[in-house]
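The values are calculated or read from the model by the stated rules, or taken from the named source; none is laboratory data. Since the structure is predicted, the reported quantities are computational estimates derived from the model, not experimental observations. Using ideal geometry, Cβ is built from the backbone for each residue, glycine included, and neighbour counts are taken over all protein chains shown.
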Amino acid sequence: MADIATIINLWGIRCVILDLDGTLVDTLKIQVDAFLRTTKEMGVEVPRDQIEQNMGRTAIDILRTIVPGIGGSELAYYARRKEEILAELLGEVHPLPGAVELLRELKRCGLPVVLASSTTFENVMKILQVSGLVEYIERMVTAEDVVLGKPNPDVFIKAAAKGGAEPRHSLVIGDSIHDIAAAIAAGCFTIAVASGMHTVEQLRELKPNLIVGDLNDLL
């Protein structure tokens, strides 16, 4: 398997866009726990696996999917509440295998790196600080920056623009089917990382350019 520097050269990549939860850091379980606590406050029981399959989307979109009939001010309130609960749970966050090394290699390559996350800016910054990755990220697009979240392509179109590149010259690396679907819709190259809640088979159905087990496979 080719390393990231070789891939960048072969594919003509001018900007690399990275997902956060489940791709760079081990926060997916914490994210799911935050949703479970939120729905418990709402008096609604939601199976854990239903939330897991929606990981990668914004809080508003996930709540709209898992809690039928919710909308308006109630939806907005509980989406904010979920982020408050998440902030309370972010005690320890660790980079996933290969994350630090990949970020260092991308810095060495000299390409713009943009973070594209469905989490709010405040919690993204907290995750980056607690995990020690904040020094590697200078550009980002977060939940507040888009009207329509993943799998809508807006987040990656905006991320490519922040990196000064067109989507067709941008590479998205993400762990969820929603990352890959949105990136393909945006016209980006895609690398799916099987480090999240979705299986290799689920990722393969979307036909990303490459599937890897973890980020070490790109080094």
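How many residues does region 1-38 contain that are in contact (Cβ under 8 Å) with a residue 12 or more places away in the chain, under 17 Å from I211 (Cα atoms) and surrounded by fewer than 18 Cβ atoms within 10 Å (Cβ to Cβ)?
4
Could you tell me whether any residue of region 64-76 is assigned to a helix (DSSP H, G or I), under 20 Å from G174 (Cβ atoms) and hydroxyl-bearing (S, T, Y)?
Among the residues of region 64-76, at least one is assigned to a helix (DSSP H, G or I), under 20 Å from G174 (Cβ atoms) and hydroxyl-bearing (S, T, Y), which makes the answer yes.
Can you tell me which condition V46 does not meet? The list is (1) in a loop (DSSP other than H, G, I, E, B); (2) touching a residue at least 60 places away in the same chain (Cβ under 8 Å); (3) of a type outside the set (G, A, S), and all the others hold.
Of everything listed in (1) in a loop (DSSP other than H, G, I, E, B); (2) touching a residue at least 60 places away in the same chain (Cβ under 8 Å); (3) of a type outside the set (G, A, S), V46 misses just condition (2).
Output the number of residues of region 162-219 satisfying the condition of being in contact with a Cys (Cβ under 8 Å, 6 or more places away or on another chain), in contact (Cβ under 8 Å) with a residue 40 or more places away in the chain and not in a strand (DSSP E or B).
Residues in region 162-219 being in contact with a Cys (Cβ under 8 Å, 6 or more places away or on another chain), in contact (Cβ under 8 Å) with a residue 40 or more places away in the chain and not in a strand (DSSP E or B): 4 in total.
Looking at R108 and the list (1) over 24 Å from N54 (Cβ atoms); (2) touching a strand residue (DSSP E or B) at 6+ places or on another chain (Cβ under 7 Å), which single condition is not satisfied?
(2)
Working carefully through the options L106, L115, L102, L111, find the one that is in a loop (DSSP other than H, G, I, E, B), closer than 20 Å to V141 by Cα and assigned by TED's automatic domain parsing to the domain that holds V212.
Result: L111 is the single residue among L106, L115, L102, L111 that is in a loop (DSSP other than H, G, I, E, B), closer than 20 Å to V141 by Cα and assigned by TED's automatic domain parsing to the domain that holds V212.
Can V93 be described as closer than 23 Å to V141 by Cβ, in a loop (DSSP other than H, G, I, E, B) and touching a residue at least 24 places away in the same chain (Cβ under 8 Å)?
yes
Let me confirm something: among I60, I30, I13, which residue is hydrophobic (A, V, I, L, M, F, W, C), part of a loop (DSSP other than H, G, I, E, B) and within 21 Å of G174 (Cα to Cα)?
The unique qualifying residue is I13.
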